[in-house]
1. Provide the per-residue ³J(HN,Hα) series for the stretch 130-136, in order, calculated from phi with Karplus coefficients 6.51, -1.76, 1.60 and θ = phi - 60°, each as a whole number of Hz, with x at glycine and proline positions.
2. If you work out volume of the Cα convex hull per residue in Å³ from the coordinates, which of [x] 133; [y] 174; [z] 188 do you get?
3. Kindly state, to the nearest 0.05, the FRET efficiency for Leu163 paired with Trp397, given R0 = 51 Å and r defined as their beta-carbon distance.
4. Using the Karplus curve 6.51 cos²θ - 1.76 cosθ + 1.60 with θ = phi - 60°, work out ³J(HN,Hα) for each residue of the stretch 379-391 in order, rounded to whole Hz, and write x for Gly and Pro.
5. Tell me what the chain gives for mean residue ellipticity at 222 nm when only DSSP H runs of n ≥ 4 count, each as -39,500 (n - 2.57), the sum divided by the residue total, rounded to 500 deg cm²/dmol.
6. How much length is gained if the chain between Ser250 and Gln46 is pulled fully straight, taking 0.36 nm per residue apart and subtracting their Cα-Cα distance, in nm to one decimal?
7. How much length would be gained if the chain were fully extended between Ile364 and Ala186, taking 0.36 nm per residue of separation minus their Cα-Cα distance, in nm to one decimal?
8. For Trp219 and Ala282 in one chain, what is 0.36 nm times their gap in residues minus the Cα-Cα distance, to one decimal in nm?
Amino acid sequence: MTSSMQALFAKDRRKWWMLSLAFLATVINYLNRQTLSVMAPVLLQQFRISATSYSHIVFAFMLAYTFMNGVSGRLLDRLGTRIGYGLTIAFWSGAEILNALSAGALSLGIFQFLLGVGEAGNYPAGVKLITEWFPPEERSHASGIFNSGASIGAILAPPLLALIMLASGWRTAFVVIGLLGFIWLAVWLVIYREPVATSTKDQTDRLPLRALLRSRFLWQFTLSKVFSDPVWYFYIFWFPQYLKVAHSFSLREIGETAWIPFFTATIGNLAGGAVFTGLSRAGAGPITARRLAILIFSALMVPAIFVGAISSATGCIALISTATFGYSGALANLLAVPGDVFPKGAVASIWGFASMGSGIGGMIFSLVTGWLVDNYSFRPAFVLFGLIPLVAAWIVWTLPRNVKHAHLLPQTALE
């Protein structure tokens, strides 16, 4: 075997190790995020927090998450994946531990705000890592694996956190989950090395902020996130509380069942890459195949509009599980879209701006959810979150398709 072939195989092995680290970071990210959600039935009762006040706490998290997404992407493109990813997980892990000091809605909101500041860096960093290490034809699969960490974290959270809380209390749960991030950080700093080609090329690939802000693709892609991601936030932050309010589930029953929709979401991540591959083999180009896959999986989120109309807890969980499967399948393809049309050195910045749209949508729809639940019920909320994915899918379908290699074209090509 020649030295060049040996180097190729060595890099091929390394990229899967790097992806594994990003996957684990996302698992930890969602364990941190789910801690509040799983413990909400206990905390809302202990601190006498209404659904509207709880929506304000979620809003605080989303406000920080939104603002920092606009900053974290640019910082990651400047600092590089190794340093940037390390800093973001260190910050959110420390913030998670601080939540153990909460004494009511105000302090809980402040600590959730700090958690949002740190967690904003996970997706820009992960997408940047995938774009650096994987060729375009592998990015939907790699993105699906990376994003499945969110589903795995959400699967593990209900039983793990319920077990810790029943054994040692909710404050211990915050501390234990926070420490996991620092363990990951130690491994990351020892193992992760950026690919040689990235360190020399990203400087020339980076687009000026002015060029990004003049791109219609950027703003339209950001708008799609306003309508797509609030669906996931709804299930992440409100599902355990829904089980308690609508079906009178105990904390133990929540721990035993609340993981199910996130298990199907894990399958959806893998299915997203498989559908993309199938469409590509059928003759669709990468850009068209990703958009078709997003449309198909978005349609699977619509049946959730019937959740509030049936009394069976099993039936409701089945419909919600179908919706989370659809969301993850769509996102596995959406994560790869910026890398299809922009250079590697701009991907984290683009995803950071787009994630601001995610946060804005999350804030708005979180407040709407709290108002609907307090004044009506969960039923209109499920109708809302069953329909808005179609809006997001249409926006993605109409994204500009002629911005490939935009950094090499005249400025008007970005518009």
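1. 5, 5, 6, 9, 10, x, x
2. This structure yields the entry labelled [x].
3. Working: r = 43 Å, r/R0 = 0.85.
Working from the Cβ atoms, E equals 0.75.
4. Here the 3J(HN,Hα) series is 4, x, 5, 5, 4, 4, 7, x, 9, 5, x, 5, 5 Hz.
5. Numbers: 17 runs with 338 residues, N = 415.
About -28000 deg cm²/dmol.
6. Values: separation 204, 0.36 × 204 = 73.44 nm, distance 1.49 nm.
Gain on stretching Ser250 to Gln46: 72.0 nm.
7. Working: separation 178, 0.36 × 178 = 64.08 nm, distance 3.66 nm.
Length gained, Ile364 through Ala186: 60.4 nm.
8. Values: separation 63, 0.36 × 63 = 22.68 nm, distance 3.08 nm.
Difference between extended and current length: 19.6 nm.
Every number in this text was worked out from the coordinates using simple rules, so none of it is lab data. What you are looking at is a predicted structure, and each value in this text was computed from that prediction instead of being measured. Cβ sites come from the backbone with ideal geometry, for glycine too, and all protein chains shown count toward neighbours.
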